[in-house]
Amino acid sequence: MTLPHDLPRRADSAHGTVAEAMDAPGPQVWDDMTVEVALSVMASARTGHLVVCDEDGRCTSLVTLAQLTAFRDGHAYTDQVRLREVAGTGGPFASPVTQMAEAQHTMSHRRLTAVPVIDEHGCAVGVLTRSH
């Protein structure tokens, strides 16, 4: 029998780096996709977020189901609105080597549920969610 204190611990506290706690990035979509199609992709993939990429495959943002649903239900919505118009650009992003304490602080301060984790080329390598 393995005692609880002998089990390997996942970096879900303020210790360690983002790389130790991130999940796979999940579905990645282009920023010219419509909101309606993005919602369909989320439903098919059974996920609550999508990593949004530009034409070069670099991560520009992350959109959540709650964010897209709220936008779709708003007065500015049409079926032609593109993700780039909803998601914006510029982060925040995390690096795999970012300390968990720093990432948790940023997520808490900005009230984010998920943050894309990008490599030195701007490509998504994971997603850090608030549950971590």
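The values are calculated or read from the model by the stated rules, or taken from the named source; none is laboratory data. Treat the numbers as computed from the prediction; the structure is a model and nothing was measured. Positions of Cβ are generated from backbone atoms using ideal geometry, with glycine treated the same way; all protein chains shown enter the neighbour counts. Ligands, DNA and RNA are excluded from the accessible area calculation, which covers all protein heavy atoms including side chains. Shrake-Rupley method; radii C 1.70, N 1.55, O 1.52, S 1.80 Å.
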Which numbered condition in (1) open to solvent by less than 70 Å² (accessible area, probe 1.4 Å); (2) of a type outside the set (F, W, Y); (3) modelled with pLDDT under 90; (4) within 17 Å of V51 (Cβ to Cβ) is the only one that T89 fails? (1)
Restricting the stretch 71-86 to residues that are basic (K, R) and not in a strand (DSSP E or B), which is least open to solvent (accessible area, probe 1.4 Å)? R72
Yes/no for R110 being in contact (Cβ under 8 Å) with a residue 40 or more places away in the chain, open to solvent by 50 Å² or more (accessible area, probe 1.4 Å) and either within 22 Å of M42 (Cβ to Cβ) or not hydroxyl-bearing (S, T, Y) (or both): no
When the stretch 92-107 is checked residue by residue, the ones that are open to solvent by 60 Å² or more (accessible area, probe 1.4 Å) and either in contact with a Cys (Cβ under 9 Å, 6 or more places away or on another chain) or under 14 Å from V51 (Cβ atoms) (or both) are F93
Considering residues of the stretch 16-50 that are open to solvent by 40 Å² or more (accessible area, probe 1.4 Å) and part of a strand (DSSP E or B) only, the residue farthest from A70 (Cα to Cα): D23
Which of the following residues is at pLDDT below 95 and out of contact with any Leu (no Cβ under 7 Å at 6 or more places or on another chain): S44, S108, S40? S108
